[in-house]
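Q: So that we are looking at the same thing, I have put the structure below in structure tokens.
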Amino acid sequence: MKKIVVMISGSGSNLEAIAKACQTGSIPASIELVISNQPNVKGLERAQKFHLMSKIIQHQDFDSREDFDHALLEQILPIEPDLVVLAGFMRILSSNFTEALNGRLINIHPSLLPDYPGLNTHKQAIENGDLMHGISVHYVSNVLDGGPIISQGALKIDPAQSEAKLINRIHKIEHAIYPKVIADIVKGHIALQGDQVKFEAESHFGPNHMEFFNV
Ligand code: GAR
């Protein structure tokens, strides 16, 4: 069985979507560990609901980013995970961390990258009057929200809608795409080669894949 580690900082709705897909077998892998850098978050309750082992590693307990990342790796590397999944993990990771897991580390980001790396993506899309918004799943490199893109999902912004409603629609896309990408990676249908994403014919995805969602 392939092994996954999921890293969260908050609500964990993506964690739940991934855990469900592992439970039903659509992702043929087990979540060996959930790491949260925040205590008392809903994501930890969700981990418990799925009987997943979880650990809280708080960045405030460490003197530097490198020390924190080292503590994360101390938990992660002995598991020998096939994939480490960032699911709303809201800390910048050092190059020591990203390089130690190169090709085995993916992230989901709520924008159509390269637009809006960083925070407040939804607000920026609304304020700029964008017609489209969306999500990107990518391999993690040492550039913030920068690594090679695996897949993107897009929706049409309704200018009359609130930011909260937009976030809710974005989550629906995330929950549809992220488990599928993870399934394809653990099945070996998607892999990182150098700085390029390689897609086998069996993959749901392909180069420059962007799906439009009517959610
Ligand atoms: C998701 O929308 C994810 O794309 C975003 O945090 C949210 C976590 O939601 N991630 C980032 O902004 C990373 N830069 P969740 O905790 O309910 O899965």
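Q: If each DSSP helix of 4+ residues adds -39,500 (n - 2.57) and the sum is divided by the residues in the chain, what number results at 222 nm, nearest 500 deg cm²/dmol?
A: It lands at -10000 deg cm²/dmol.
Q: List every residue whose amide H lies under 5 Å from the amide H of Lys2, counting only residues 5 or more places away in sequence or on a different chain, with H placed 1.01 Å from N in the peptide plane.
A: Amide H neighbours of Lys2, under 5 Å, 5+ apart: Ser30.
Q: Taking Cα centroids, how far is the range 156-177 from the range 89-121 in Å?
A: Taking the Cα centre of each part, the range 156-177 and the range 89-121 sit 20 Å apart.
Q: Next question. Take every Cα pair under 8 Å in the range 88-142 that's 6+ residues apart, average their separations, divide by the length, and report that relative contact order as a whole percent.
A: 50
Q: Ok, one more. Given the pairs Lys3/Lys156; Lys20/Lys165; Lys55/Lys123; Lys20/Lys187, which are separated by over 26 angstrom at their Cα positions?
A: Lys3/Lys156; Lys55/Lys123
Q: Please compute the alpha carbon radius of gyration of the range 1-117, then divide it by the globular-protein estimate 2.2 N^0.38 Å. Two decimals is fine.
A: Numbers: Rg = 13.7 Å, N = 117, 2.2 N^0.38 = 13.4 Å.
Taking the Cα Rg and dividing by 2.2 N^0.38 Å, one obtains 1.02.
Q: If a/c stays under 1.5 just call it rounded; otherwise compare a/b with b/c (prolate if a/b is bigger, oblate if not). Do that for the range 28-79, with a ≥ b ≥ c from the square roots of the Cα gyration tensor eigenvalues.
A: Here the range 28-79 falls in the oblate category.
Q: Now a separate question. Can you bin the chain into rounded, prolate or oblate? Criterion: square roots of the alpha carbon gyration tensor eigenvalues sorted a ≥ b ≥ c, rounded for a/c under 1.5, prolate for a/b above b/c, oblate for the rest. Don't skip to the end; give the middle numbers.
A: On the way: a/c = 1.42, a/b = 1.24, b/c = 1.15.
Taking the square roots of the gyration eigenvalues as a ≥ b ≥ c, the chain is rounded.
Q: A follow-up question, please. Mind listing the long-range amide H neighbours of Ile150? Cut-off is under 5 Å, sequence gap 5 or more, other chains count too, H placed in the peptide plane at 1.01 Å from N.
A: The answer is Val137, His138, Tyr139.
Q: A further question on this structure: Residue-wise, which Karplus ³J(HN,Hα) couplings in Hz belong to the range 176-192, taking 6.51 cos²θ - 1.76 cosθ + 1.60, θ = phi - 60°, and x for glycine or proline?
A: Here the 3J(HN,Hα) series is 7, 8, 4, x, 5, 5, 4, 4, 5, 5, 5, 7, x, 7, 10, 8, 9 Hz.
Q: A follow-up question, please. Restricting to Cα pairs below 8 Å that are 6+ residues apart, what does the relative contact order work out to for the range 37-179? Please round to a whole percent.
A: Dividing the mean separation by the residue count of the range 37-179 yields 17 percent.
Q: Oh, and also: Given R₀ = 22 Å, what would the calculated FRET efficiency be for Ala201 paired with Ala176, taking r from the Cβ atoms and rounding to 0.05? Before the final figure, lay out each step's value.
A: Working: r = 22 Å, r/R0 = 0.98.
With R0 = 22 Å, the Cβ-Cβ based efficiency is 0.55.
Q: Antiparallel DSSP bridges in the chain: what percent, to the nearest 5? Each step should come with its number before you reach the end.
A: Working: 15 of 35 bridges.
Percentage antiparallel, nearest 5: 45.
Here, each number is a calculation from the coordinates, and none is a lab measurement. All values reported here derive from a predicted model rather than from experimental measurement. Reconstructed Cβ throughout: ideal geometry from the backbone, glycine too, with neighbour counts over all protein chains shown.
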